[in-house]
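Written below as C-alpha cells is the structure these notes are about.
The values are calculated or read from the model by the stated rules, or taken from the named source; none is laboratory data. Being a predicted model, the structure only gives us computed values, none of them experimental. Backbone-built Cβ (ideal geometry, glycine too); neighbour counts: all protein chains shown. When the accessible area is computed, the model is the full protein with side chains, heavy atoms only, and any ligands, DNA or RNA have been set aside. Shrake-Rupley method; radii C 1.70, N 1.55, O 1.52, S 1.80 Å.
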Amino acid sequence: MKVKITAHIHSLKYSWDNEGAYQVFSWKFDDTDNRTYVGEQEIEVDVPDSYDPRAQQIAALEKQKKKVMADYQEMVTDINDHISKLQALEYTP
C-alpha cells in the first residue's frame with residue numbers, strides 16, 4: 001500500500017560542525033541558531049499490505065512493564081532498607 005506523507009526538511013549545523021546535516025520530520029520546527037527550515041515535500045512510502053503494528057505495540061508494552069516492575073522493586077528495596085536502619089536504632093522513650 002502506498003502512503004503519502006508530508007516531510008519537513010531541516011538543515012542542522014552546529015558551530016563545531018564542518019558539514020552539517022539534513023533531517024526529516026513529520027512536523028515543522030521553528031528556526032534556531034543551529035537548525036533552519038528548508039521546506040516541505042510530499043513523499044510516497046511503501047507500507048506492506050499485511051503490516052500489523054500489534055506485535056510491536058505488545059513488545060513495547062512488555063518492555064515498559066519490565067521497567068516499571070524493576071523501578072517498583074528498587075523502591076521496595078529502598079523502603080525495606082530504610083525500615084531496617086530505623087529498626088536497628090536504639091529506641092529510648
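Taking a virtual spin label 7 Å from the Cα of Ala55 along the C-beta vector, which residues in the stretch 1-30 bring their backbone nitrogen under 19 Å of it?
The answer is 1, whose backbone nitrogens lie closer than 19 Å to the label point.
If you work out P(r) over Cα pairs in 10 Å bins from 0, in percent from the coordinates, which of (1) 13, 18, 17, 22, 13, 10, 6, 2; (2) 17, 50, 27, 6, 0; (3) 19, 57, 24, 0 do you get?
Entry (1).
Please report, as a whole percent, how much of the solvent-accessible surface of the chain comes from carbon and sulfur atoms (probe radius 1.4 Å).
Roughly 56 percent, rounded to a whole number.
Once you have the Cα-Cα distance between Lys2 and Asp31, take 0.36 nm times their residue separation minus that, and quote the gain in nm to one decimal.
7.3 nm
Below 13 angstrom from the Cβ of Ser26, what's the summed charge of the other residues (Lys, Arg +1; Asp, Glu -1)?
My count for the surroundings of Ser26 gives 0.
Just add up the charged neighbours of Lys4: K/R +1, D/E -1, any other residue whose Cβ is under 15 Å from the Cβ of Lys4.
-3
How far is helix 54-88 tilted, in degrees, relative to the longest principal axis of the Cα atoms in the chain, given as a value from 0 to 90 rounded to the nearest 10?
Taking the Cα atoms of the chain, the angle to 54-88 is about 30 degrees.
Given a Förster distance of 35 Å, report the FRET efficiency between Asp17 and Val76 from their Cβ-Cβ distance, rounded to the nearest 0.05.
That gives a FRET efficiency of 0.15.
Considering the options Met69, Ser15, Val38, tell which one lies farthest towards the positive end of the dipole of the chain, charges being +1 on Lys and Arg and -1 on Asp and Glu at the Cβ, about the Cα centre.
So the residue furthest toward the plus end is Met69.
With each label point set 7 Å from Cα along the Cα-Cβ vector, what nm distance links Val68 and Leu86?
2.7
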